[in-house]
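The values are calculated or read from the model by the stated rules, or taken from the named source; none is laboratory data. Given the structure is predicted, the values throughout are model-derived calculations rather than measurements. All Cβ positions, even for glycine, are placed from backbone atoms using ideal geometry, and neighbour counts span all protein chains on display. To get the accessible areas, we keep the full protein, side chains included, count just its heavy atoms, and leave off ligands, DNA and RNA. Shrake-Rupley method; radii C 1.70, N 1.55, O 1.52, S 1.80 Å.
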Amino acid sequence: MRIGILGSGLMGGKLGTLFARAGHDVVFSYARSTRKLERLAREARGSARAGTPAEAASQADALLLAVHWSRVDDVLRQAGSVSGKTIVTCSLPMNASDTALAVARTSSGAEALASKVRRAKVVSAFGTVPSEVLFSVFEARRRKARPSLAYCGDDARAKRVAARLIRDVGFDPVDAGPLKIARYLEPFTLLIAQLAYEGERGPELAYRFEWRGR
Ligand SMILES: NC(=O)c1ccc[n+]([C@@H]2O[C@H](COP(=O)([O-])OP(=O)(O)OC[C@H]3O[C@@H](n4cnc5c(N)ncnc54)[C@H](OP(=O)(O)O)[C@@H]3O)[C@@H](O)[C@H]2O)c1
């Protein structure tokens with residue numbers, strides 16, 4: 001698939017690299033330096049290049065949105081038309097001081113995003129794990145017991161695209177239902193962040209759901 005990365009920081013840089021290593025065509029966009037985007041593309045060691053958000057969006061089969069909540073409007077404006085596109089978002093709706101969810105309970109960042117880009121198909125995925133764990137999950141992808149990754153969305157085709165990307169990175173995709181379930185996924189991420197960044201065992205943390213008794 002052709003994947004456009006909107007926001008090439010900790011999450012976008014790493015996920016874009018892993019998508020390229022899994023065989024996808026990746027365009028890294030939206031960082032404060034073009035040289036950083038070019039370095040990411042070089043080091044991805046796959047089919048990857050640097051581009052503008054508009055270039056990342058124009059040919060993409062899927063877009064990864066990985067920016068701070070305060071940058072969403074700016075990156076979408078730069079991306080231009082995303083009509084009909086699958087947008088996989090890992091962006092959490094954090095407030096400016098990164099201390100709390102700015103959208104929660106009766107809505108979610110993913111739903112707020114979907115209302116900004118009504119003609120795109122939004123899937124919430126990848127936001128529930130710290131960037132620090134992504135490479136080790138990818139390296140262990142041939143092991144039988146993969147970590148889970150919960151995702152949600154309203155469009156079945158877009159969800160299939162997201163599930164494939166989740167598998168390509170080395171997780172076991174867990175379909176959590178429609179996009180409004182992001183109201184549960186996003187606060188769950190705060191628990192993961194608490195364990196990863198305030199716990200004693202460090203940020204290389206993934207999770208695994210197990211269904212017993214069947
Ligand atoms: N980090 C995690 O482990 C993690 C886990 C789950 C969810 N999330 C969510 O994922 C999203 C991305 O997080 P992140 O940690 O990847 O953020 P990040 O490392 O700060 O990356 C954000 C990207 O946006 C770019 N950017 C910011 N301001 C810009 C501007 N004015 N012009 C152009 N580019 C600009 C940054 O450029 P530079 O590269 O130049 O800084 C960077 O490439 C957030 O919503 C976060 O809540 C993060």
Among Lys116/Lys144; Lys36/Lys180; Lys36/Lys144; Lys116/Lys159; Lys14/Lys180, which pairs are too far apart, with a Cα-Cα distance over 29 Å? Lys116/Lys144; Lys36/Lys180; Lys36/Lys144
Rounded to the nearest 20 Debye, what is the dipole magnitude of the stretch 76-169 about its Cα centre when Lys and Arg each give +1 and Asp and Glu each give -1 at the C-beta? 520
For the stretch 120-214, the dipole about the Cα centre with charges only on Cβ (Lys and Arg +1, Asp and Glu -1), to the nearest 20 debye, works out at 600
Of all DSSP beta bridges in the chain, antiparallel share, percent nearest 5: 15
Can you give me the three principal axis dimensions of the stretch 12-90 from its C-alpha atoms, in Å, biggest first? 30, 26, 20
Apportionment of accessible area to carbon and sulfur, the chain, percent (1.4 Å): 47
Just need the relative contact order of the chain here, percent rounded to a whole number, with Cα pairs under 8 Å and 6+ apart. 17
Could you give me the percent of Cα pairs per 10 Å distance bin for the chain, shortest bin first, beginning at zero and ending with the bin that holds the maximum distance? 9, 37, 40, 14, 1, 0
Mind checking the per residue accessible area of the stretch 1-77 for me, 1.4 Å probe, whole number of Å²? 46
Whole angstrom only: what separates the Cα centroid of the stretch 102-144 from the Cα centroid of the stretch 9-74? 15
To the nearest 20 debye, what is the magnitude of the charge dipole of the stretch 1-71 about its Cα centre, counting +1 on the Cβ of each Lys and Arg and -1 on the Cβ of each Asp and Glu? 300
With a 10 Å radius around each residue's Cβ, average the other Cβ atoms per peptide and rank 80-87, 192-199, highest first. 80-87, 192-199
Using the Cα centre of the stretch 66-214 as origin and beta-carbon charges of +1 (Lys, Arg) and -1 (Asp, Glu), tell me which of Ser81, Ala158, Thr99 is placed farthest towards the positive end of the dipole. Ala158
Report, as a whole number in µm² per second, the diffusion coefficient that Stokes-Einstein gives for the stretch 145-207 at 37 °C and 0.692 mPa s using the Kirkwood radius over alpha carbon pairs. 260
Surface per residue (accessible, 1.4 Å probe) for the stretch 139-205, Å²: 61
